[in-house]
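Working notes, beginning with the structure itself.
Computed from the coordinates by the stated procedures, all read-outs in this text should not be read as laboratory data. Note that this is a predicted model, so its numbers are computed, not measured. Neighbour counts run over all protein chains shown; Cβ positions are idealised from the backbone, glycine included.
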């Protein structure tokens with residue numbers, strides 16, 4: 001793993017960060033001194049939901065069906081958001097194992 005700010009490999013665990021998605025490991029870069037959490041940045045929904053919705057869209061599902069799936073999982077997601085996820089992640093390699 002590398003620092004998101006300076007790409008240094010000199011990082012250490014530095015506690016946890018808590019938000020609506022739960023508990024996330026927090027890391028500290030010893031080179032630049034910045035803290036970060038790995039994974040998707042600036043998304044309010046869990047990555048598993050995002051990639052499942054993108055996979056469903058790639059599989060030909062209608063936006064409304066995908067929105068109903070997310071709603072059944074307890075997440076209110078707009079059709080516009082699902083469409084933007086598809087545009088952003090449709091070529092993502094990390095989707096293969098999700």
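Just the ratio, please: alpha-carbon radius of gyration of the chain over 2.2 N^0.38 Å, N its number of residues.
Compared with the compact-globule rule of thumb, the chain sits at 1.27.
Please determine, in degrees from 0 to 90 and to the nearest 10, the orientation of helix 79-89 with respect to the longest principal axis defined by the Cα atoms of the chain, where the helix direction is its Cα long axis.
Orientation of helix 79-89: about 50 degrees from the principal axis.
Translational diffusion coefficient, Stokes-Einstein: compute it for region 47-97 using the Kirkwood radius over C-alpha pairs as Rh, at 10 °C and 1.306 mPa s, and state it as an integer in µm² s⁻¹.
148
With a Cα-only, solvent-free Debye model of region 12-60, what are the log10 I(q)/I(0) values at q = 0.19, 0.20 Å⁻¹?
Ignoring solvent entirely, the Cα scatterers give -0.70, -0.74.
Calculate the spin-label point distance for residue 72 paired with residue 42, positioning each point 7 Å from the Cα along the beta-carbon direction, and give it in nanometres.
Each label point lies 7 Å from its Cα, and together they span 3.3 nm.
Within a 10 angstrom radius of the beta carbon, how do 53, 29 rank from fewest other beta carbons to most?
The order, fewest Cβ neighbours first, is 29, 53.
Within a 10 angstrom radius of the beta carbon, how do 86, 43 rank from fewest other beta carbons to most?
In increasing order of surrounding Cβ atoms, one gets 43, 86.
Can you sort 12, 77 from fewest to most other Cβ atoms within 10 Å of each residue's own Cβ?
The order, fewest Cβ neighbours first, is 12, 77.
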